[in-house]
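Reviewing the structure listed below.
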Amino acid sequence: MCGICGFVGGQYEQRDIDTLGAMNAAIRPRGPDDAGYYLSGHGRAADTHEIRLPDSRQPAAALAMRRLSIIDLAGGAQPMTHGRYWIVFNGEIYNFESERAHLEQLGYTFHTRSDTEVVLRCYEHYGPNCLLRLRGMFGVAIWDEQDQQLFLARDPRGINPLFYSRGDQRLIFGSEIKSLLRHPGVARQLNHEALPDLLSFLYVPAPHTLFQGIWQLEPGQFLLWSNSQLRLQRYWPGPLHPPQRPLGLDDVLEGLRESIEAHLISDVQVGAFLSGGIDSSLIVALTRQITGKSFPTFSISFPGSGMYDESPHARAVAQHVGTDHYEHPVQADSVENLPQILRFLDEPLANASVMPNYELARFARTVCKVCLSGIGGDELFGGYRRYIAHNFAAPWLLLPGWLRNRVMLPLLRKLPAGGGSRWQDRVRLLDKFLTPLDLPPQQRYIAWNSHFSEKEKAELLWQPSSHPSAARFLPFFEEAAALPFGEQVMHVDVRSYLPGDSLFLCDRLTMGNSLEARVPFADLRMLELARAVPLQRKMQGTRTKIILREACQKLLPRGIIDRPKQGFGTPVDRWLRRELAFLPGQLLSREVLLQRQLFRPQVVEQLVAQQRAGGRDVSQHLWILLMLELWQRMYLDTDLSGKEDITFSDLGLQRNL
């Protein structure tokens with residue numbers, strides 16, 4: 001994988017060479033192995049010092065990239081050119097060898113073994129329709145010198161990011177927002193319209209970002225820029241219809257095996273993340289079968305954290321399968337890495353699992369450059385408990401609304417739900433289940449997948465929201481209207497939560513540590529296969545991910561199959577009571593809140609008091625607000641996104657107050 005950036009449009013200015021260098025330097029962790037530059041009127045350069053500014057009358061077009069060498073280590077330097085086209089490419093194309101053979105039959109010749117050259121020649125032949133032939137993860141920019149046109153595209157699942165901003169006659173783009181912020185034409189301003197969505201979902205759904213004027217390409221979308229005109233077009237997904245032929249266990253196992261084999265293509269060592277759950281364990285077991293040899297696997301542990309620690313399960317899988325297993329204990333002082341993590345993210349993703357995921361990526365990078373991940377298995381095969389929640393709505397709806405809302409919920413919220421025990425976890429889930437029960441099914445599901453409700457946001461926000469956050473996702477329900485409701489909710493997550501949260505987190509934290517993560521479950525062929533598996537083979541009653549559990553029976557110890565899903569749980573409530581107890585009083589003080597004028601102080605003060613009292617669990621609500629304030633200090637008040645080893649003190653925080 002790599003990082004790309006650049007700008008096109010208008011005429012060159014004296015500062016453009018330095019600007020391009022600064023944009024590329026901002027994403028150096030994505031590609032520490034190599035760098036390259038292109039300016040129209042000059043050509044390719046390995047360093048900005050080699051570039052002479054073209055004639056100021058020359059239409060400006062500048063591309064840059066940072067490379068993490070995975071395939072064709074000696075070749076594949078970028079930017080790459082053929083004829084009128086120049087390309088910078090971030091990602092991996094897993095079918096590049098077959099596409100190369102196809103293009104050779106059409107008369108094309110190749111000078112490298114890289115997938116980048118295949119993408120370039122494929123675009124040369126097919127234009128934007130080349131995207132329908134590419135299997136992989138990517139963010140790509142291609143400049144057409146003849147037509148003076150820029151082509152940007154993002155892969156269908158949104159595994160790789162791509163951002164852009166429109167300046168004065170100029171389009172600016174990059175793999176990360178911090179790269180765009182190095183361009184003088186991009187302002188640092190809060191996008192107030194996106195703030196309510198962050199409160200609901202913990203992230204900002206595409207095409208928006210939390211920066212005013214900075215956009216992200218949506219998954220499965222491309223952009224064309226020519227003569228200062230921008231055109232966006234979606235190439236995925238197509239119409240969704242019920243499958244003609246249902247698929248079963250053998251199809252799933254063979255499909256996953258084929259996907260893993262495709263994702264193993266590499267000229268460097270490939271390892272795997274191993275949580276001990278079904279998805280990562282299946283990937284590890286099948287990888288061992290495919291390769292016939294041991295390989296590195298990585299997990300983390302939370303010493304003394306009870307239900308949050310999955311390391312014994314990961315250890316059991318590694319021993320059963322036969323891998324070179326590495327385990328890293330996450331200590332209490334790991335919370336000191338929070339500012340550094342936020343610097344990698346660029347936006348205040350409020351999913352607290354960023355903490356263990358950062359530790360895991362940093363640990364794995366000491367051993368290898370590429371890791372397989374189990375992300376995507378839940379969204380494709382029905383792994384989340386919220387997918388089966390609607391099955392239990394009907395009996396509860398038989399109870400009078402006044403009984404549920406005025407008696408049961410208030411009593412439930414008097415129970416202490418802020419701890420880390422399983423019964424407290426069930427209290428939190430029951431609260432979340434009952435609260436939106438009277439809404440229509442689609443809005444109810446979105447509410448189950450949200451944090452601040454619309455009512456809570458109306459009480460919290462200084463300025464009222466311009467839209468209900470559910471409106472962002474209702475079009476995804478419409479796309480899947482021909483499918484059963486259970487398939488609809490999984491499709492909504494594939495179009496929203498998967499790219500906006502899970503893959504966002506995975507990309508930033510792995511690439512921030514110069515590590516490439518690959519996601520076999522999120523492969524487009526796996527998505528098509530999963531949709532052909534009958535819904536009752538994925539989830540039924542209280543059972544989730546049924547067909548993957550059956551696959552486990554052939555490959556893994558029974559204990560992996562039967563235990564409940566955990567995921568990367570994080571003890572947020574404990575952190576806010578112990579290691580991070582100093583944050584709310586400083587980041588959410590009345591003085592800060594009045595200065596920002598984003599949230600009503602009395603509402604925030606009530607949340608802080610509620611968390612300290614240990615009643616209804618509001619730790620996630622507070623976490624969102626804390627991450628937002630940290631982000632504003634790092635990105636809006638000043639620019640600390642380029643500061644390595646950033647600490648809490650750099651953000652004006654003191655532990656001993």
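The values are calculated or read from the model by the stated rules, or taken from the named source; none is laboratory data. The structure presented is a predicted model; accordingly, all values stated were derived computationally and were not measured. Cβ: placed from backbone, ideal geometry, glycine included. Neighbour counts: every protein chain shown. Keep in mind that these areas ignore ligands, DNA and RNA; they rest on the heavy atoms of the full protein, side chains included. Shrake-Rupley method; radii C 1.70, N 1.55, O 1.52, S 1.80 Å.
Structure data summary
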read-out	value
Conditions (1) out of contact with any helix residue (DSSP H, G or I) (no Cβ under 6 Å at 6 or more places or on another chain); (2) surrounded by 22 or more Cβ atoms within 10 Å (Cβ to Cβ): number failed by residue 520	(1)
Test: residue in the range 209-216 that is under 14 Å from the mean Cα position of the chain (by Cα) and either of a type outside the set (Val, Ile, Thr) or open to solvent by 10 Å² or more (accessible area, probe 1.4 Å) (or both)	yes
Test result for residue 206, of a type in the set (Gly, Ala, Ser), crowded, with 21+ Cβ neighbours inside 10 Å, assigned to a loop (DSSP other than H, G, I, E, B) and out of contact with any Ser or Thr (no Cβ under 7 Å at 6 or more places or on another chain)	yes
Extreme residue, farthest from residue 270 (Cα to Cα), among residues of the range 55-75 that are part of a strand (DSSP E or B) and at pLDDT 90 or above	60
Selection count, the range 217-234, where residues are under 20 Å from the mean Cα position of the chain (by Cα) and of a type in the set (Ser, Thr, Tyr)	0
All positions within the range 635-653 that are farther than 17 Å from residue 177 by Cβ, open to solvent by 70 Å² or more (accessible area, probe 1.4 Å) and not acidic (Asp, Glu)	649
Check on residue 305, surrounded by fewer than 19 Cβ atoms within 10 Å (Cβ to Cβ), of a type outside the set (Lys, Arg), closer than 17 Å to residue 570 by Cα and modelled with pLDDT under 90	yes
The range 585-606, subset crowded, with 21+ Cβ neighbours inside 10 Å and part of a helix (DSSP H, G or I), residue nearest to the chain's Cα centre (by Cα)	587
Residue within the range 205-212 that is touching a Gly at 6+ places or on another chain (Cβ under 7 Å) and on the phi < 0 side of the Ramachandran plot present	yes
Selection status of residue 348, in a loop (DSSP other than H, G, I, E, B), under 22 Å from the mean Cα position of the chain (by Cα) and not polar (S, T, N, Q)	yes
Any hit, the range 76-90, residues being among the aromatic types (Phe, Trp, Tyr), surrounded by fewer than 23 Cβ atoms within 10 Å (Cβ to Cβ), over 24 Å from residue 639 (Cβ atoms) and at pLDDT below 95	no
Cβ pairs under 8 Å, 6+ apart, first in the range 106-130 and farther than 21 Å from residue 221 by Cβ and free of Cβ contacts under 8 Å to residues at least 40 places away in the same chain, second in a loop (DSSP other than H, G, I, E, B) and open to solvent by 60 Å² or more (accessible area, probe 1.4 Å)	125/106
Segments classed as strands (runs of 3 or more DSSP E), wholly inside the range 1-54, with at least 3 members that are at pLDDT 95 or above and at negative phi	2-11, 34-39
Top-ranked residue of the range 281-299 - restricted to ones that are more than 11 Å from residue 318 (Cα to Cα) and of a type in the set (Ser, Thr, Tyr), ranked as nearest to the chain's Cα centre (by Cα)	287
Out of 335, 321, sole residue that is among the aliphatic types (A, V, I, L, M) and over 25 Å from the mean Cα position of the chain (by Cα)	321
Contacts under 6 angstrom Cβ, first residue in the range 423-436 being within 18 Å of residue 393 (Cβ to Cβ), partner among the small types (Gly, Ala, Ser) and modelled with pLDDT of 75 or more, 6 or more apart	433/389; 436/447
Scan of the range 438-468 for residues that are open to solvent by less than 40 Å² (accessible area, probe 1.4 Å) and not in a helix (DSSP H, G or I), ordered by number	449, 450, 452, 461, 467
Residue within the range 333-342 that is open to solvent by 40 Å² or more (accessible area, probe 1.4 Å) and modelled with pLDDT under 95 present	yes
Number of the exception - residue 101 against (1) among the aliphatic types (A, V, I, L, M); (2) in contact (Cβ under 8 Å) with a residue 12 or more places away in the chain; (3) under 21 Å from residue 263 (Cβ atoms)	(2)
Hey, residue 471 part of a helix (DSSP H, G or I) and at pLDDT below 95 or not	yes
Residue in the range 378-385 that is open to solvent by 30 Å² or more (accessible area, probe 1.4 Å), in contact with a Cys (Cβ under 9 Å, 6 or more places away or on another chain) and not small (Gly, Ala, Ser) present	no
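Conditions (1) at pLDDT below 90; (2) under 23 Å from residue 650 (Cα atoms), marked per residue:
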position	(1), (2)
560	yes, no
564	yes, no
574	yes, no
591	no, yes
605	no, no
608	no, no
617	yes, no
